[in-house]
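Below is one structure, written out as structure tokens, with a few remarks after it.
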Amino acid sequence: MPQTVARPAAVPEPRRPPGLSRAVPPGAAVGATAGALWWAVGTLALPVGVGTLVLAAGLLGAGWLVRAVGRRPDAIARLAVLGQRRLVGGLALALLAGAVLGWVLGRFGYGELSAPVAAMVLGAYLVPMAGRLDVRGLVPLGSALMVLGAAGVLLALRSAGQLYPLGTVGLGAGALCWLAVAARAGLLRNARNTIGSR
């Protein structure tokens, strides 16, 4: 009588927590990366030790933001538009144009205006893109970046060194990008409702 060989029982795949995305949401990655780049630029104006700590804190915050968005399927859907190639490519071109203008200003002895001008160029690009992509949140973000850049220009012309124009604009633009992602994902509204219910 032939013997039957018992097959090993299949090991069930461990279940992932509900609502946790398997990959980094593209929209959240774009916003968090843009904020991290601006934040890193801002830390260049700080002393070495302080700048390193501030940079590390900002990167941890950006990582937490991406993880928080990845746990919310509704937030991933709302941020999907920020991952479109047209917006990402436009952002890259706007940053490149800002960098070129900053280099030209540096050649004429106005290198401290590089970050403020780049912020204004980026803001000027985001405002019209809000209508094309139907993302109203880009309007306040672009407007805030233009105001921040203009303030950075005034600070650069009235002060010496890179602390005010580079540090203020870089850190401020990074924080604005992260706030825009959190607002688009609904994290700010949830935090407000949680605080209000206490």
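Each reported figure results from applying straightforward, stated rules to the coordinates on display, with no laboratory input. From a predicted model like this one, the values you see are computed outputs, not experimental measurements. Cβ atoms come from the backbone with ideal geometry, glycine included; neighbour counts cover every protein chain shown.
With label points built 7 Å along Cα→Cβ from the Cα atoms of Leu37 and Arg132, find their separation and express it in nm.
A separation of 1.7 nm, rounded to one decimal place.
Given points 7 Å out from each Cα along the Cα-Cβ axis, report the Ala150 to Trp64 separation in nanometres with one decimal.
Result: 3.3 nm between the two label points.
Suppose R0 equals 25 Å. What FRET efficiency, 1/(1 + (r/R0)^6) with r the Cβ-Cβ distance, do Leu53 and Ser159 give to the nearest 0.05?
Working: r = 24 Å, r/R0 = 0.95.
FRET efficiency, Leu53 to Ser159: 0.60.
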